[in-house]
Amino acid sequence: MNLTINHLQHTGIPVTDLNRSETFYQKLGFKNVMTSGFEFKGDKGKVAMMQNGSVIIEIYQMPEKELAEIRSRKNGHIDHVAFDVSDIDKAFNELKGNGFQIVEDAPIFLPFWKNGCKYFNILGPDGERLEFNQIL
């Protein structure tokens, strides 16, 4: 297998109040470099990419009816680790061809960043989600 990972792209953290979390990360020196909405099960969620130097943290708030699970956690939760790739379709085919458990049927487009991005996830041996992402 010849999969090239450029670098760790971001860490995704679900939050219960995007504005409160954005303020918290700003106090740590992060700046909001991208804000967007997304659809989940017919409802709208919101996301912000917070950057400090080369570190990017994705904070996202699920739609209201999905928040109960997140609110019930007492110790926080990191949802996924994302790797930057140069060719999302090549990465998808490479991992699929080598028997990795891929969550999505194909790379998913999101209207994030200037021209959007595409991503897909694989599951690790303990169910951890590893995202592969190309900013378009």
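Taking (1) over 19 Å from Leu136 (Cβ atoms); (2) in contact with a strand residue (DSSP E or B) (Cβ under 6 Å, 6 or more places away or on another chain) in turn, Phe83 satisfies each apart from (1).
In this structure, is Leu123 modelled with pLDDT under 90 and surrounded by 13 or more Cβ atoms within 10 Å (Cβ to Cβ)? Taking the combined requirement at face value, the residue satisfies it.
Specify the residue that is modelled with the highest pLDDT; the eligible residues are those in region 85-99 that are out of contact with any Phe, Trp or Tyr (no Cβ under 6 Å at 6 or more places or on another chain) and crowded, with 18+ Cβ neighbours inside 10 Å. The qualifying residue modelled with the highest pLDDT is Ile88.
Per the listing Ile57, Ile102, the residue uniquely modelled with pLDDT of 95 or more, out of contact with any Asp or Glu (no Cβ under 7 Å at 6 or more places or on another chain), aliphatic (A, V, I, L, M) and surrounded by 15 or more Cβ atoms within 10 Å (Cβ to Cβ) is Ile102. Summed over region 5-21, the residues that are crowded, with 18+ Cβ neighbours inside 10 Å and among the charged types (D, E, K, R) give a count of 0. Given the conditions (1) modelled with pLDDT of 90 or more; (2) in contact with a helix residue (DSSP H, G or I) (Cβ under 9 Å, 6 or more places away or on another chain), report the number of the one that Met1 does not fulfil. Status for Met1: all satisfied but (1).
Sub-6 Å Cβ pairs linking a first residue in region 107-118 that is part of a strand (DSSP E or B) to a second residue that is β-branched (Val, Ile, Thr), at least 6 apart or interchain, are Cys117/Ile135; Lys118/Ile88, ordered by first then second residue.
The values are calculated or read from the model by the stated rules, or taken from the named source; none is laboratory data. Keep in mind that what you see is a predicted model, and the values were worked out from it rather than measured. Backbone-built Cβ (ideal geometry, glycine too); neighbour counts: all protein chains shown.
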